[in-house]
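Structure first, commentary second.
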Amino acid sequence: MLEELEVRNLGPIRSALLSPNKAMTAITGETGAGKSMLLSAIRLISGATASVARVSAGADSAWAQGIFDVDENGEATRLAQDAGALDIDGEKSDPDPDEIGRQELFLSRMVPASGRSRAVLCGHSVPRNVLGNVAAQLVTIHGQADQMRLAAPARQREFLDMAADDTAERDAYRQAWQQLQIIDQRLSNVTNQEASTRARTDYLRESIEQINKVDPKPGEDEELKEKRSRVENAAEIAQGVGSALSALDASQVDSDSDAQGASDAITHAIQALRTIHVGGSFGQAADRLESLNADLSDIVFSLSNEVDTDGDAEGLDAINSRIHELDELTRRWGPTLEDVIAWRDKAVFEVEDLDASPEKIDELKAQHQQAFDDALKAALVLSKKRKDAAAALANTVTKELSALAMAGAGLEIRVVQRKSASKDKTVSKNGEADADSSTWPLDGNGIDDIEFLFTPFPGSPQLPMGKSASGGELSRLMLALELSVAEKRTAGSSDMTFIFDEVDAGVGGKAAVELGKRLAKLSQTSQVIVVTHLAQVASWADSQFVVSKGTAKAQSASSKASVETTVNEVTGDARIHEIARMLSGSESATSLDHAKELLDSSKL
């Protein structure tokens, strides 16, 4: 939801601050007053292309900023976090209960009089497309240029999928489609082998054979190098261990020796201390010596196991030979034996994929057929969900168009399953088909071609959207579409802001009242901002801002006065006067009474 829009030096607007209502806001004013600049400001913070021509005369730059209140766990917040522009890990002190789970996003854009524009998200400079991606989750603009985007088949498919609430079916299809692409790539690799591919296969096989012949074990080279070091230093080890054992416990070296070792000396010391029966620290000293003697015994035991275990000098050549073999492997496929083993295991699978034997090709073809069957089945389920939703959506939109002074207008949404002209295919009652990729062309979005066909008036031929209606008719069609999917678009969230421009073109009387009522209805689930010339539409708004054009004072005697646009909220009597002006162009007693009556009656 847009909390605040601030604009500086954009066209005739030198400075403006707009705080839209949470529900419906009307922006009114004389033709040419500059209402379009407010829409330009919103487009700028939505990532639109910037034009230096929009910078106010004499200003160094134009600037616009929108502050949005959003769901802390919503998609817009996630995108801002992914861009590194937002960190919400810290907790607010004494948070307002209404603010729990909410987050403010600041989207701003600076356009210099010369040079490149700058996009800023929550105080961080970001690429323009990042600002656009975040804004796309927050703002939907329905002006003539924006409505033309729905003429694209991809946008129509996205809109229908949202109305169909077919996320589960699309996810199931995309998973099956991705698996089909993997199998297709493997089959293509096998069936299109060339000389370089065969050479690669030969290299892999020879490498696998060489590694298998050596049969390395993880960490084996390090163990062998340690063992070699012990063999090479066996004499030094034996001398050191023997001397240590002689000092600690001579009996471990010579069973007939009567020499007293360290262990015996400590034992005598313990016995001496135990004979002292006077209180004090003697017993504690004896306990400590016993603990020391136990550790000493463990050391003696360990060293005694080292005697005569590392003197196998005859095996040194075999160890060196093995280390050399392992070093050759790590030099070519290393740097470690673990890397060598992992490379071999991966190479085995690659050889299998590159093996163009008839058996392998047949196996992959069978896998392809199964993957295609799965993808087609998922595509047909998705197609049925789209067809059901298309009929319901078109019926609802047609009813809304009648209420919006477009009786006889209608929308048809066609969901056509693509088929090759080479052969007809039939679908069985259970939804399954004769799955053949040559006759059932799938793509990443399924099997359907989707087209929105609009009939703007009775007798008009059905024509694709964007080619069959005026700007006002398109605006009302978009309003009807938004009303039809309002609950689904805003399910679990009220973050979306809808902005309508030219929606009242060619409308008047009761139809204008109904148009305002429909916008107010949409504002019950989303924030709505409408730029309008009709009092019957503006009267339904919860707040109203007037855009006025005046003459700014000259800065000096030599300078000329300039046109300046101001934006002000009107409430109370001021709003009654503005509604009266919109009704009759005057503020007579009759028009003021009419304005009061209109405002009083414009309630849901």
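Relative protection proxy for 73-80, 367-374, from highest mean packing down: 73-80, 367-374 (other beta-carbon atoms within 10 angstrom). With the highest mean first, a sort of the peptides 379-390, 405-416, 283-294 on other beta-carbon atoms found within 10 angstrom per residue produces 379-390, 405-416, 283-294. Long hydrophobic helices in the chain, taken as whole DSSP H segments with a C-alpha length of 24 Å or more on their own axis and mean Kyte-Doolittle hydropathy at least -0.5: 282-306, 337-354, 358-403, 471-489.
Peptide packing for 519-529, 151-161 was compared via the average number of neighbouring C-beta atoms within 10 Å per residue; ordered from the highest value, the list is 519-529, 151-161. Sorting Ser15, Ser591 by the number of Cβ atoms found within 10 Å of their own Cβ, with the fewest placed first, yields Ser15, Ser591. Model label sites at Ala285 and Lys419, defined 7 Å from Cα along the beta-carbon direction, differ in position by 10.5 nm. Helical runs assigned H by DSSP (4 residues or longer) give the chain a calculated mean residue ellipticity at 222 nm of -16500 deg cm²/dmol, each run adding -39500 (n - 2.57) before division by the residue total. Overall form of the chain: prolate. Here a/c, set by the Cα gyration tensor axes a ≥ b ≥ c, is 1.5 or more, and a/b is the larger of a/b and b/c. Of interest is the spacing of the C-alpha centroids, which for the range 367-381 and the range 178-220 amounts to 28 Å. Checked against a 26 Å cut-off, the cross-linked pairs Lys517/Lys549; Lys22/Lys488; Lys467/Lys510; Lys387/Lys603; Lys346/Lys377; Lys488/Lys517 give Cα-Cα distances beyond that limit for Lys517/Lys549; Lys467/Lys510; Lys387/Lys603; Lys346/Lys377.
Here the dipole of the chain is about 5320 debye; that uses its Cα centre as origin and unit charges on the Cβ of Lys and Arg (positive) and Asp and Glu (negative). Arranged from fewest to most other beta-carbon atoms within 10 Å of their beta carbon, Val139, Val214 become Val214, Val139. With neighbour counts taken as other beta-carbon atoms within 10 Å, the residues Lys217, Lys225 rank, fewest first, as Lys217, Lys225.
Relative contact order of the chain: 21 percent, from C-alpha pairs under 8 Å at least 6 residues apart in sequence. Each of Ile266, Met1, Phe372 was placed along the dipole of the chain (beta-carbon charges, centred on the mean Cα), and the one lying farthest toward the positive end is Met1.
All of the numbers you see were taken from the coordinates with simple rules; none came from a lab. Quick caveat: nothing in here was measured; it's all calculated off a predicted structure. So basically every Cβ, Gly included, is an ideal-geometry build from the backbone, and we count neighbours across all protein chains shown.
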